Amino acid sequence: MADSKKMVDQITSMNTDFAQWYTDVVKKAELVDYSGVKGCMVIRPYGYAIWENIRGILDAEFKKLGHENVYMPLFIPESLLKKEADHVAGFAPECAVVTVGGQQQLTERLFVRPTSETLFCEHYKNIIHSYRDLPKLYNQWCNVVRWEKTTRPFLRTSEFLWQEGHTMHETAEEARAETLRMLDVYTDFYEKSLALPVVRGRKTEKEKFAGAEETYTVEPMMHNGFALQGGTSHYFGDGFARAFGITFTGRDNSVRYPFQTSWGVSTRIIGAIIMSHGDDNGLVLPPAVAPIQVVIIPVAQHKPGVLEAASAVAAEIGKRFRVKLDDSEQSGGWKFAQYEMKGVPLRLEIGPRDIENGSCVLVSRVTREKRQVPLEGIADSVAAALDGVHDELYKRASDNLAARTSDALDYAQFLDVAERRSGFIRAMWCGDAECEDKIKNDTGGVKSRCIPFEEERLSDVCVCCGRPAKHMVVWGRQY
RNA sequence: CGGGGUGUGGCACAGCUUGGUAGUGCGCUUGGUUCGGGACCAAGAGGCCGCUGGUUCGAGUCCAGUCACUCCGACCA
């Protein structure tokens, strides 16, 4: 089937060229189109529907915890961005800047937001006066722009969609708790909705967010052993509050600075889904975020009774799941291939033979296993099968994570593992950024992912310099 | 920003070396036969050959410039 006629629909094998495979999947599954603007993508209906599902689940979780959605301006005046020194140093180099409005040169340059800490702070300054005004738990769903040098759909685009939560608290303890609480929300989301296990932990000084005191991260592993920073949660202390002059009157009538957090996930999540669950037949979507959870394909649909039976099944399971009945004139085989490329978790075939038997055929996208299932109680069978897809995806991702995680006790071993296998390396670290730099240079790109919550004392000395070790670090290459 | 690659109907490409006014497959439209793993027949529609300039009687083809996209590095969610 790999003759030249089929080239249009072919997906490069993952093992042949992982990058090309990714691009092929993104295009064949109709997630994005390239646009006329450098580094910016068109998110097509099927891709956007995934994002809508992600947003729906997370938004509900945020609201359960008391967060409220707001909307901040797209533009940040230069003076505002400059108020927090580390922050501006981190972001200014990758900003798009507006200098002309209408026909007139602007007196102050406007930065297109790369993130909105400064805007939130300016607003919080106006509305926070008393401890009674705290906490403020705001979130924003929006687009941001970072002028990336090279771009890839979902993983790194000049403009992307995300959510950014920005909260203000009366005490440092409360803010720290919020930071970790939101990391838990992300962890749950990854595991329960995306079927992806994550490594959780704290970023090193070198890798943390510009302006943050502490940055926490959840990092899933891709098929090829690369990490993806899948979600971050930052504790800011009162640094921004001081820089922006945000004060409130405390319970003891003293003037105080509030403590701040921010946390976010972006459309990059979709890249993580593609790269960790996808296979050589295309996309594989976890049921919780799949725009179509079950595709119903009538076989020999022109024969009497087939479409009617298919419609009846669609109506039945459509009450509980996102279902599509494809009664287009394409051949069955074409449809099978099409929905596999698009990663629909479950396919339901129904044809004359099934109708006679009072059954249908369920096919899992992950295992591609076909099962004959009675039409009686079909919704429950579908529910179980979707759970099965989720569990299988989670298991495979966990196996990959485990198989591609190694320990290194000395530097020779570290370099050897980094050279031979793509994956995570657990190793002790002295806490010095120089060792991070050295490791990155010596390995050609292996960086600290995080200091995991689940630390183990593998040895007493830094894997790189041999001085006393402070922490275990998970190392790896990243997207 | 450094290095590589590619720009020709919607998509994937051929044509360029040796200039003569554009072709193949897929897709699309219409009609018919099909349908349990990418069906088939017939008739059609669709091209500023990325852009600009140059050489030439004549440029998809040669020359110069330019733009865009893409991949690999450094930076980042």
Exercise. Using only the Cα atoms of the stretch A:405-476, build the gyration tensor, take square roots of its eigenvalues as a ≥ b ≥ c, and label the shape rounded, prolate or oblate: rounded if a/c is under 1.5, else prolate if a/b is larger than b/c, else oblate.
Key: rounded
Quiz prompt | Relative contact order for chain A, counting Cα pairs under 8 Å that sit 6 or more residues apart, in percent | solution = 14
Self-check item: the stretch A:405-476: relative contact order as a whole-number percent, Cα under 8 Å and 6+ apart
Solution: 40
Quiz prompt | Cα-based reach from A:Lys324 at 17 Å (exclusive), listing aspartates and glutamates while leaving out same-chain residues under 8 positions away | solution = A:Glu30, A:Glu308, A:Glu316, A:Glu340, A:Glu349
Quiz prompt | Rounded, prolate or oblate (a/c below 1.5 giving rounded, otherwise prolate when a/b exceeds b/c) for chain A by Cα gyration tensor | solution = prolate
Quiz item: Taking R0 as 56 Å, what's the FRET efficiency between A:Gln413 and A:Glu308 from their Cβ-Cβ distance, rounded to 0.05?
Solution: 0.30
Quiz item: What is the distance, in nm, between label points placed 7 Å from the Cα along the Cα-to-Cβ direction at A:Lys206 and at A:Cys40?
Solution: 3.5
Exercise. Decide, for the stretch A:95-183, between rounded, prolate and oblate: order the square roots of the alpha carbon gyration tensor eigenvalues as a ≥ b ≥ c, take rounded if a/c falls under 1.5, and otherwise choose prolate if a/b is larger than b/c, else oblate.
Key: oblate
Quiz item: How high is the relative contact order of the stretch A:11-277, in percent, counting Cα pairs under 8 Å that sit 6 or more residues apart?
Solution: 19
Exercise. Using the structure shown, list the pairs from A:Lys149/A:Lys438; A:Lys38/A:Lys192; A:Lys28/A:Lys63; A:Lys149/A:Lys192; A:Lys149/A:Lys335; A:Lys64/A:Lys319 with a Cα-Cα distance above 32 Å, or answer none.
Key: A:Lys38/A:Lys192; A:Lys28/A:Lys63; A:Lys149/A:Lys192; A:Lys149/A:Lys335
Quiz prompt | Beta bridge orientation in the stretch A:294-386: antiparallel %, DSSP, nearest 5 | solution = 55
Exercise. Rank by packing, highest mean first: peptides A:318-325, A:192-199, with packing defined as the count of other Cβ atoms within 10 Å averaged across residues.
Key: A:192-199, A:318-325
Self-check item: Chain lengthening between A:Lys125 and A:Ser254 when straightened (0.36 nm per residue, less Cα-Cα)
Solution: 44.8 nm
Practice problem: Taking amide H positions as placed in the peptide plane 1.01 Å from N, state which residues far from A:Arg152 in sequence (5 or more) or on other chains have amide H under 5 Å from it. | Solution: A:Thr157
Exercise. As a check on your grasp of the helix formula, calculate [θ] at 222 nm for chain A: sum -39500 (n - 2.57) over DSSP H runs of n ≥ 4, divide by the residue count, round to the nearest 500.
Key: -10500 deg cm²/dmol
Exercise. For chain A, find the longest principal axis of its Cα atoms and tell me its angle to the long axis of helix A:45-64, 0 to 90°, nearest 10.
Key: 50
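Each reported figure results from applying straightforward, stated rules to the coordinates on display, with no laboratory input. Here the structure is a predicted model, which means the values were calculated and not measured. In this analysis, Cβ positions are derived from the backbone assuming ideal geometry, glycine residues included, and neighbour counts consider all displayed protein chains.
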